[in-house]
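Step one of this worksheet: look at the structure below.
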Amino acid sequence: MAAAPGKPASAQAATPSVMTRRGFLSTLGVAWTAFAAACAAGAVATTRFMFPNVLFEPPQQFKAGLPADFQTGTVDQRYKESFGVFIVRDEQGIYVLRAVCTHLGCTPNWLEAENKFKCPCHGSGFYRSGINYEGPAPRPLERYRIVLADDGQILIDKTKIFAQEKGEWSSPDSFLKV
Amino acid sequence: MIEALKHSVNWLSAPPRFFTITLAAFFVLLFPGELGPAWLRRLTRPLQTVYRPKVGGIVFAVLGVLFLASCFDPNFALIVLKPDNVPIAAMIFLVAFFVWFGLKEGRRNDALRAAEQPIIEKRESGDGKVMVWPDLVYTEFLCMILWTIFLIVWSICLKAPIEEPANPAKTPNPSKAPWYFLGLQEMLVYYDPWIAGVLLPGLIIVGLCAIPYIDKNPKGNGYFTFKERKPEIAIFLFGFVVLWVWLIIIGTFLRGPNQNFFGPFEYWDAHKLVPLINVDLSQIIWVKWMHTALPRNPILREIFGLTLVAAYFLALPPLLAKRWLKGYYEKLGPTRFHIMMFLGLTMLSLPIKMMLRWTLNMHYVVTVPEIFFNI
């Protein structure tokens, strides 16, 4: 249409123009400035959203009581809900298993009667030691650092993880001899 | 008598048996009297009558009666009549009916064409065309009204499956994905997350997108047919019915607490003891057969699994092109054939791995946990 030659095009151009070139450009400038400002405000809001006012982060280190609080041959679940750990005591000592399945991250259940951890999502099974032996989990449950604090309490440090397949369970911090 | 029947159904629904039955039923019902040696063909030929409307109707009626009768069993009713599972029970019959209907119409058209008579679509519409208005729009409008009524009644009658507030320390047992993802969840039992959750779903989507570029058969457009598109229909239905719908069905009805398998008439005992001690291929070969310790070097340790996987994906397609699928290779050409083979073999790797897990407790064919690489 724009390329149509002759009278109609020139007749249209000759009608009293409401908008000059300068006016058009300044309107365009205002529109684009408004659009860019809206985008920037959106970006700022999105970025702000990433930094919440209140962030619930349970402490990464906690004291779990005295070693004598844990009976030999038990899997203790008292810190499962608050800190996501199983505290296991056997004849030699105490170790702390991270309650996160190594397959896709569900929380496994400890089945006392079957003497195993079993994940309800895809059926991975782990021995009391945390070693995977059934279902799809590719590696054992991870262990957290466990040491004795100065006051004789167990100190569990969730920032340090020990993986069996990397041979880290032989590290002295992964196991508390009692 | 009835107890014995329930027991045998439970026994038959153990996954390796149930899958073998499903697979056999799939091929026999899709190609009755056409596959296998002469005796098998003679044996299965009478099943062609299933595609007659009367016989098919009787089969569906019998299945429906059996299903309703099963609902008198408390364990069966508990799972099947759970509000979330009702649509899946309906899906079994709906998928079966529409697959049957499509194949029935296709076979009818094939017979009409063989007798040189006009096909169904032509008979119904005259010139093979109908008007959008009123034929299509009117039907759609009626369907919309009826479905709205149905959904309202449904949402009033069956409660939404809402549970207690989420608690990271308490995972429901069993934990199940929404029904349409149960096939994916079932795949995750057999493969690592990066394969079952990323690679295979990605390839399913890519493969579906690739269908129009791989499928060079122009026939069957706008009318029912079976004879003209046998391999295409068989491959699609295998992927859809056997590998997707079937996995949803077993994921819904047979997977119980701790993701153990339960028969349809079995009580969901959270303490059911199932010995499932995994073995890897490397353990079977090095420890069980060669009586040596696993080699330290991961590549040497996994050499057999790696060879097997490489042979499956690299050596099998050329072999198939030369020997058993020669006609298909010539029909598609090398590029299309090899893409098709890659997608098809990936698809087939799922039932293979499932069978290996069920029968041998095979954990991984190749496993390098050090770098999180397991197949």
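The values are calculated or read from the model by the stated rules, or taken from the named source; none is laboratory data. Please read all numbers here as calculations on a predicted model, not as lab measurements. Cβ sites come from the backbone with ideal geometry, for glycine too, and all protein chains shown count toward neighbours.
Specify the residue that is nearest to B:PHE337 (Cα to Cα); the eligible residues are those in region B:215-234 that are among the hydrophobic types (A, V, I, L, M, F, W, C) and crowded, with 18+ Cβ neighbours inside 10 Å.
The qualifying residue nearest to B:PHE337 (Cα to Cα) is B:ILE233.
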Can you tell me which of (1) in a helix (DSSP H, G or I); (2) farther than 30 Å from A:ASP150 by Cα; (3) not polar (S, T, N, Q) is the one A:PRO52 doesn't meet? (1)
Qualifying residue in region A:107-121 (condition: under 23 Å from B:PRO369 (Cβ atoms), in the same structural domain as A:TYR79 (by TED's automatic domain parsing) and aliphatic (A, V, I, L, M)): no
Restricting attention to region B:231-276, which residues are within 10 Å of another protein chain (Cβ to nearest Cβ) and either assigned to a helix (DSSP H, G or I) or touching a His at 6+ places or on another chain (Cβ under 6 Å) (or both)? B:PRO257, B:ASN258, B:GLN259
From the set of residues in region A:157-178 that are of a type in the set (Phe, Trp, Tyr) and not in a helix (DSSP H, G or I), which is farthest from the other protein chains (Cβ to nearest Cβ)? A:PHE175
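Which of the residues belonging to region A:126-139 are of a type in the set (S, T, N, Q) and either surrounded by fewer than 15 Cβ atoms within 10 Å (Cβ to Cβ) or not in a strand (DSSP E or B) (or both)? Even if it seems obvious, please write down each step before you answer.
Of region A:126-139, the ones of a type in the set (S, T, N, Q) are A:129, A:132.
Correct list: A:SER129 only.
Considering only residues of region B:215-255 that are among the small types (Gly, Ala, Ser) and at pLDDT below 90, which is farthest from B:LEU103 (Cα to Cα)? Break it down into steps so the answer makes sense when it comes.
At the first step, the residues of region B:215-255 found to be among the small types (Gly, Ala, Ser) are B:220, B:222, B:234, B:239, B:251.
Those still in the list that are at pLDDT below 90 too: B:220, B:222.
Working: B:GLY220: 12, B:GLY222: 14 Å.
Only one residue tops the list, namely B:GLY222.
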When (1) among the aliphatic types (A, V, I, L, M); (2) closer than 14 Å to B:PRO168 by Cα; (3) not in a loop (DSSP other than H, G, I, E, B) are applied to A:LEU104, the one that fails is (3)
Which ranges mark the helices (runs of 4 or more DSSP H) fully within region B:277-347 that have 3 or more residues being closer than 26 Å to B:LEU243 by Cα? B:303-310, B:316-322, B:326-332
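Would you check which residues across region A:80-126 are among the aromatic types (Phe, Trp, Tyr), at pLDDT 90 or above and under 20 Å from the mean Cα position of the chain (by Cα) and list them?
Kept after step one, since they are among the aromatic types (Phe, Trp, Tyr), are these residues of region A:80-126: A:83, A:86, A:95, A:110, A:117, A:126.
Subset that is at pLDDT 90 or above: A:86, A:95, A:110, A:117, A:126.
Matches in region A:80-126: A:PHE86 only.
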Collect the residues in region B:277-299 that are within 11 Å of chain A (Cβ to nearest Cβ) and loosely packed, with under 15 Cβ neighbours inside 10 Å, keeping them in residue-number order. B:ILE277
All positions within region A:140-151 that are over 18 Å from A:PHE175 (Cβ atoms) and either within 11 Å of chain B (Cβ to nearest Cβ) or not in a loop (DSSP other than H, G, I, E, B) (or both): none
Quick one: count up the residues across region B:259-276 that are modelled with pLDDT of 85 or more and farther than 17 Å from B:PRO15 by Cβ. 2
Hey, does region B:341-352 have a residue that's surrounded by 15 or more Cβ atoms within 10 Å (Cβ to Cβ), within 14 Å of chain A (Cβ to nearest Cβ), touching a helix residue (DSSP H, G or I) at 6+ places or on another chain (Cβ under 7 Å) and modelled with pLDDT of 90 or more? yes
Residue check for A:ARG145: basic (Lys, Arg), more than 30 Å from B:MET362 (Cα to Cα) and either surrounded by 15 or more Cβ atoms within 10 Å (Cβ to Cβ) or modelled with pLDDT of 90 or more (or both): yes
What is the number of the single condition among (1) within 14 Å of chain A (Cβ to nearest Cβ); (2) in contact with a helix residue (DSSP H, G or I) (Cβ under 6 Å, 6 or more places away or on another chain); (3) of a type in the set (A, V, I, L, M, F, W, C) that B:ALA166 does not meet? (2)
Members of region B:348-375 that are within 23 Å of the chain's Cα centre (by Cα) and in a loop (DSSP other than H, G, I, E, B): B:ASN361, B:HIS363, B:TYR364, B:VAL365, B:ILE375
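Among the residues of region B:316-331, is there at least one that is within 29 Å of B:LYS288 (Cα to Cα), more than 14 Å from chain A (Cβ to nearest Cβ) and of a type outside the set (Gly, Ala, Ser)?
In the first step, residues of region B:316-331 are kept if they are within 29 Å of B:LYS288 (Cα to Cα); the result is B:316.
Pick out the ones that are also more than 14 Å from chain A (Cβ to nearest Cβ) and you get B:316.
Of the ones still in play, those that are also of a type outside the set (Gly, Ala, Ser) are B:316.
So far as region B:316-331 goes, yes, one or more of its residues are within 29 Å of B:LYS288 (Cα to Cα), more than 14 Å from chain A (Cβ to nearest Cβ) and of a type outside the set (Gly, Ala, Ser).
So, A:ILE154, is that one within 19 Å of B:PRO369 (Cα to Cα), touching a residue at least 60 places away in the same chain (Cβ under 8 Å) and away from every other protein chain (no Cβ under 11 Å) or not? Full working, then the answer.
Numbers: within 19 Å of B:PRO369 (Cα to Cα): no; touching a residue at least 60 places away in the same chain (Cβ under 8 Å): yes; away from every other protein chain (no Cβ under 11 Å): yes.
It is false that A:ILE154 is within 19 Å of B:PRO369 (Cα to Cα), touching a residue at least 60 places away in the same chain (Cβ under 8 Å) and away from every other protein chain (no Cβ under 11 Å).
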Scope region A:97-132; condition touching a helix residue (DSSP H, G or I) at 6+ places or on another chain (Cβ under 6 Å) and more than 7 Å from chain B (Cβ to nearest Cβ); matching residues: A:ALA99
For region B:69-137, which fully contained helices (runs of 4 or more DSSP H) count at least 1 residues that are of a type in the set (Asp, Glu)? B:86-114, B:120-125
